[in-house]
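For reference, the structure discussed in these notes is given below.
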Amino acid sequence: MLSTHSIGIFDSGVGGLTIFDHILQVLPEYNYIYLGDNARAPYGNHSFETILEYSWQATQWLFEQNCQLIIVACNTASAKALRTIQQKYLPHFYPNRKILGIIRPTAEVIGQYSITQSVGLLATQGTIVSKSYDLEVSKFFPNLNLYKQACPLLVPLIENNDIFSAGGIYFVEKYVKNLLNQSSKIDTILLGCTHYPIIKTLIENIIKKPKIKIINQGPLVAESLKKYLLKHTEIENLINKQRRVKFYTTEDTSKFLELSKAFFKKNIEVEKINLVSNA
Ligand code: DGL
């Protein structure tokens, strides 16, 4: 186990690697611990209570490994669990630690990409139903129209390596068309799920309109974290800067390694852990 002070990155599985990849590019100097709860992924269709329970267990485990700050690199967990953990659990159990999600840093800037102020959101069922993006985007861009499409089959199709089959493409086309049919003004599509950067080119080929921008969250989250660390020196000073990165999964390590290939191009070693609730 890594006993130095690190930044924790948590996701339901391997999807968070698409975010972590950008964080590592922008902020390579820190120590990191990545935890994927692969044994219980995908989170996308689980209830609020279940995702909160799983996310809180992961949070506690990362804090026990001396993480000073955790990035929830999962839209579904950011949408369904983050607020309760930040507002109810942290002040009581870990008053000096911080946990941040990936919806707010995305919402803060997404309006800057859209000339028509009409943005389409593709995400899991859980993220769409939570209305977290509506809430956060409206704070920063009150006049922006957000059009949404839940894509419940995309994560399973990507994880089963079936997304580029005829059946997989059928569903990507269906979801993208359902989204674009909601308004001809949509000029920006936000990929609001950690798995979707893998199919960015496929979506571009389906739309065939270069004027519609497709936005990955990774760079937005990485820039936001950089600003956060510059502002919060009391946290930044605590994090060790030895460029050490450890990966943990709740599932068989071979499964994590196999799945991660599509998400993260570097060679990695991973250890299996069990998550239990202490609260
Ligand atoms: N990481 C999740 C998200 O960004 C997708 C995978 C899942 O459903 O667990 O919403």
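The values are calculated or read from the model by the stated rules, or taken from the named source; none is laboratory data. Note that this is a predicted model, so its numbers are computed, not measured. In this analysis, Cβ positions are derived from the backbone assuming ideal geometry, glycine residues included, and neighbour counts consider all displayed protein chains.
Data table
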item: Identity of the residue in region 24-58, within 13 Å of the ligand (Cβ to nearest atom) and of a type in the set (V, I, T), that ends up nearest to S224 (Cα to Cα); result: I51
item: Hey, N96 more than 22 Å from I199 (Cα to Cα), in the same structural domain as L229 (by TED's automatic domain parsing) and surrounded by fewer than 18 Cβ atoms within 10 Å (Cβ to Cβ) or not; result: yes
item: Test set (1) over 25 Å from S138 (Cα atoms); (2) in a loop (DSSP other than H, G, I, E, B) - G44 fails condition number; result: (1)
item: Some residue of region 84-93 being out of contact with any His (no Cβ under 9 Å at 6 or more places or on another chain), free of Cβ contacts under 8 Å to residues at least 40 places away in the same chain and outside any helix (DSSP H, G or I); result: no
item: Among (1) closer than 22 Å to G8 by Cβ; (2) over 16 Å from the mean Cα position of the chain (by Cα); (3) not in a strand (DSSP E or B) - the single one P105 does not satisfy; result: (2)
item: First in region 101-113 and under 18 Å from C74 (Cα atoms), second anywhere and charged (D, E, K, R), Cβ under 7 Å, 6 or more apart; result: I103/E136; R104/E136; A107/E136
item: Whichever residue in region 238-279 is assigned to a loop (DSSP other than H, G, I, E, B) and of a type in the set (G, A, S) and, among such residues, is modelled with the highest pLDDT; result: A262
item: Subset of region 3-20 that is crowded, with 18+ Cβ neighbours inside 10 Å and more than 12 Å from the ligand (Cβ to nearest atom) - its residue that is farthest from I99 (Cα to Cα); result: H5
